[in-house]
Amino acid sequence: MTKTGYALLASLFVGSVPGAAQPLVNAVTPLVTVGLQVGTDIGGAIPFPLKYLPAIYNPYPHLNLSLGGTVGTAIVRSWSLYAGVVYKTISINADARVKNQKFQDKESVQYFTGSAYMQQRFTLLEMPLYAMYHFDNGHDRVLGGLYYARTLEGIFHIEPRKGFIASRPDTFEAEIPADMEVMRFDSSLDTWNAGLLVGYERQLFTRVCIGLRVSCGFKDIFKRHNAYFDYSMLHARGSVVLSYDLAHFPLKACRVR
């Protein structure tokens, strides 16, 4: 048998032994992935601590389309790192029954008890950064990371509709007038926010995935030193995302151990 024949026979034998060809299987080519995503968000700013959330609270979320792009790369086996930019609008209205709701401005402090109508709307440019774990089945993934967001436009209005006001809690001084003005806090909203992000994705088709994400801010939506409320207001929302991988760019081959 020639040397070529011996070499071919040896390669077939090595390939037939379990585990012998593992280094060849694990020689992978990391990819840089560029993709698009569309989705929608449900949520808004909520009181924290949660004990300040009204006992009667009826939210009416508005679904708005979000649009963004992502860039990802493999870092180690089963793990990848992603960064993105997403333009989105989160909008929600709500009816609530509040008790001793504090409102403080430069001139006075008042406590309101009764029913109120709230309107929130935030247009954001969100920049998430997260790690993603890919399960061995090739379809399911989980992710976790952080996000930073710039508030391009913010609306936060409260309209008292029925109840009474006082200068101290648990006291009655006067019923609210029928023509009481809407309380507008737009100018007190801060221009940036940041928080945590977790989620799950599943591959539907080649290059197409659907995902669920939950994010929670750890910074008050209002500027520092505001004295309107006795608590913080934090962003909390859930997102449904449909993503499409536009292109894959291979990098230099490496060996995953």
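The values are calculated or read from the model by the stated rules, or taken from the named source; none is laboratory data. Just so it is clear, the model here is predicted, and its values are computed rather than measured. Please note: Cβ atoms are built from the backbone with ideal geometry, for glycine as well, and neighbour counts cover all protein chains shown.
Restricting segment 226-244 to residues that are part of a strand (DSSP E or B) and hydroxyl-bearing (Ser, Thr, Tyr) leaves a set whose member that is nearest to residue 184 (Cα to Cα) is 232. Scoring residue 146 on the criteria (1) farther than 30 Å from residue 245 by Cβ; (2) touching a Pro at 6+ places or on another chain (Cβ under 8 Å) leaves a single failure, condition (1). The set of residues from segment 208-225 being assigned to a loop (DSSP other than H, G, I, E, B), free of Cβ contacts under 8 Å to residues at least 40 places away in the same chain and in contact with a strand residue (DSSP E or B) (Cβ under 8 Å, 6 or more places away or on another chain) comprises 218, 219, 220, 223. A count restricted to segment 129-145 and to residues that are part of a strand (DSSP E or B) and more than 14 Å from residue 195 (Cβ to Cβ) stands at 8. When residues in segment 146-200 are screened for being assigned to a strand (DSSP E or B) and touching a residue at least 12 places away in the same chain (Cβ under 8 Å), 34 of them pass.
Considering every residue within segment 171-183, establish whether at least one is exposed (fewer than 14 other Cβ atoms within 10 Å of the Cβ) and in contact with a His (Cβ under 7 Å, 6 or more places away or on another chain). Scanning segment 171-183 turns up at least one residue that is exposed (fewer than 14 other Cβ atoms within 10 Å of the Cβ) and in contact with a His (Cβ under 7 Å, 6 or more places away or on another chain). Of all residues in segment 66-76, those being in contact (Cβ under 8 Å) with a residue 40 or more places away in the chain and surrounded by 13 or more Cβ atoms within 10 Å (Cβ to Cβ) number 6. The sole residue among 170, 105, 140 that is at pLDDT 90 or above and of a type in the set (Asp, Glu) is 140. In segment 140-166, the residue that is surrounded by the fewest Cβ atoms within 10 Å (Cβ to Cβ) out of those that are among the charged types (D, E, K, R) and farther than 23 Å from residue 92 by Cα is 140. For segment 54-66, the tally of residues that are over 19 Å from the mean Cα position of the chain (by Cα), part of a loop (DSSP other than H, G, I, E, B) and closer than 16 Å to residue 93 by Cβ stands at 1.
Rundown of residues vs (1) in contact with an Asp or Glu (Cβ under 9 Å, 6 or more places away or on another chain); (2) crowded, with 19+ Cβ neighbours inside 10 Å; (3) within 30 Å of residue 249 (Cβ to Cβ), yes/no style:
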site	(1), (2), (3)
64	yes, no, no
78	yes, no, yes
89	yes, no, no
98	no, yes, no
103	no, no, no
108	no, no, no
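Scoring residue 63 on the criteria (1) closer than 18 Å to residue 192 by Cα; (2) without any contact (Cβ under 8 Å) to a residue 60 or more places away in the chain leaves a single failure, condition (1). Residue check, residue 202 against (1) of a type outside the set (Phe, Trp, Tyr); (2) over 23 Å from the mean Cα position of the chain (by Cα); (3) closer than 20 Å to residue 69 by Cα, all met but one. Which one? Looking at each condition in turn, residue 202 falls short on (2).
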